[in-house]
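To keep things clear, I will list the structure first and then write my remarks on it.
The values are calculated or read from the model by the stated rules, or taken from the named source; none is laboratory data. Just so it is clear, the model here is predicted, and its values are computed rather than measured. Here Cβ is always computed from backbone atoms with ideal geometry, including for glycine, and neighbour counts include all displayed protein chains. What goes into the accessible areas is simple: the full protein's heavy atoms, side chains included, and nothing from ligands, DNA or RNA. Shrake-Rupley method; radii C 1.70, N 1.55, O 1.52, S 1.80 Å.
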Amino acid sequence: MSWALLFRAREYLRGSLWFYPLAGAILGALLALLTQQADASVTVPKGWQYAPSTASTVLSTIVGATVGLTGFVVTVAVLAIQMATGTFSARYMRVWYRDRLLRAVLTVLAGTLTFAFSLLRQVGTNQAPNIGVSVAGFLLVVSLVLFLLFFDRFIHRLRPVAVAALAGQVAMRTIATVTRAAEVGTASAKIATGEPVLIVSTRRDGSIQAINVRGLVRWASRHDHLLAMQAAVGDFVVAGQHVIAVFSEGHVPAQASRQLPRMVALGVERTMEQDPAFAIRIMADIAVKALSAAINDPTTAVQALDHLGNVLRLLGSTPLHGPLTFRDRAGTPRLLMPGRTWADYLTLAVTEIREYGSSSIQVTRRLRAMLEDLQESVHPEHRPAVDAEIAKLDATIAIGFAGSVDEDQARTRDRQGIGGPVASAAGLTAST
């Protein structure tokens, strides 16, 4: 099985809402068989023994309760879908249906249902599955606790700022595992490649979700070739589009056209596995939607900028140098890949927010505070891009607030958007 197929299978299972509940249902039926054997070999105390009629009533009640809870969980999940697509960002759905607590609730409920239903078959005229009934009651309590935790999380995630915070956390993890790993194993050297001896095309449509960098480097090192990706993670490619160029002075294996595409995973939509920009896209979408005329909620946009600033600060502490050159253990260049620069990430994060928030005094003030904070915290080589964004912000304010009595206020920095302290903590001086 190819790396790309394994990646797609793993991504599918991570987002599946049926696989884990099905596994739970199967485990529930198997657990019922185990408790049946335990009942046959273990004598439980009288306080834990049940009359057949009592056991039948309890198990029937548990079956009905689990069905009802399952239906309510599904209803809440559907409501979350409506809220996410209408108020937040449709891209946020990828984070929502991967929620581990949602899968845990559905799995335990499905397992409890099949477990209790299987136990009903063991109730006889003069016997009852004593251990099984007690275990079924315990599973119902666990299901109820998980449901309450899930419901609490769902209520709290109805706030757009909570969604932005969640996307920010995912972005921070992705940056830590991808960007900094690339920093160690790459160098931004220019390499003379000449003309490629082979161009590998994709056979299917889709967004590039991930690339097996290590696999490509090993393949190129084994055959003494240099590979160059013609598309980046997150790009959408169509069938027949060039994705990998092979440079070599020797013989290219005949199976290269089949092997290399198997190291590039394509899917219906982008993922955040190797693409921090996708998480930034989600946060920017939340802010832009909040600034639309239909919603008109600049405070949410300001809160999204809080988390965007946190992500940009981490990116700004990383020496992003655009195109990446991956080398093998001997130090020989083996893979060239497109890479985003700091300016690319910064443009993605602020351009649309600045455009749609050009008439909001909250947005302009918070955006200036974020940019000026980044000026002080990012690497020196990233500061010119920040300066350029501040100049664009000044030009936007000059147009959006031309002739307004609030133009001076719109040019003032404020970490809270509006209403924050006049002097920042850094500007305060101690007096005696």
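Relative to the longest principal axis of the chain, what angle (0 to 90°, nearest 10) does the C-alpha long axis of helix 276-290 take? Roughly 90 degrees between the two axes. All C-alpha pair distances within segment 21-158, sorted into 10 Å bins from zero, spread as 12, 38, 26, 15, 8, 2 percent across the bins. Helix 3-15 and the longest principal axis of the C-alpha atoms of the chain enclose an angle of approximately 60°. Within 14 Å, Cβ to Cβ, of Ala391, how many net charges do the neighbouring residues add up to if Lys/Arg are +1 and Asp/Glu are -1? Summing Lys and Arg as +1 and Asp and Glu as -1 gives +1. Counting only protein heavy atoms and a probe of 1.4 Å, the accessible surface of the chain is 59% carbon and sulfur. Here the Karplus curve 6.51 cos²θ - 1.76 cosθ + 1.60, taken at θ = phi - 60°, turns the phi angles of segment 251-259 into couplings of 7, 9, x, 5, 7, 4, 5, 9, 6 Hz, with x standing for Gly and Pro.
Quick check on the chain: of the DSSP beta bridges with both residues there, what percent are antiparallel, nearest 5%? Mind showing how you got there, number by number?
On the way: 20 of 22 bridges.
Within the chain, antiparallel bridges account for around 90 percent of the total.
Peptides 27-35, 397-405, 282-290 ranked from most to least packed by the mean count of surrounding Cβ atoms within 10 Å: 282-290, 27-35, 397-405. Distance between the 7 Å Cα→Cβ label points at Val42 and Ser292: 5.6 nm. For the peptides 224-233, 375-384, the ranking by packing is 224-233, 375-384, with the highest mean count of neighbouring Cβ atoms within 10 Å listed first. Ligands, DNA and RNA are left out, and with a 1.4 angstrom probe the accessible area of the chain is 50 Å² per residue.
Size of the chain from its Cα atoms: along the principal axes, largest to smallest, the extents are 85, 73, 48 Å.
Taking amide H as placed 1.01 Å from N in the peptide plane, Arg327 has its amide H under 5 Å from the amide H of Arg334, each at least 5 places away in sequence or on another chain. Hey, can you grab everything whose amide H is under 5 Å from the amide H of Ile244? Only 5+ residues off in sequence or another chain; H modelled, so Pro and N-termini drop out. Under 5 Å from the amide H of Ile244: Val200, Gln230. Rounded to the nearest 10 degrees, the inclination of helix 361-377 to the longest alpha-carbon principal axis of the chain is 80 degrees.
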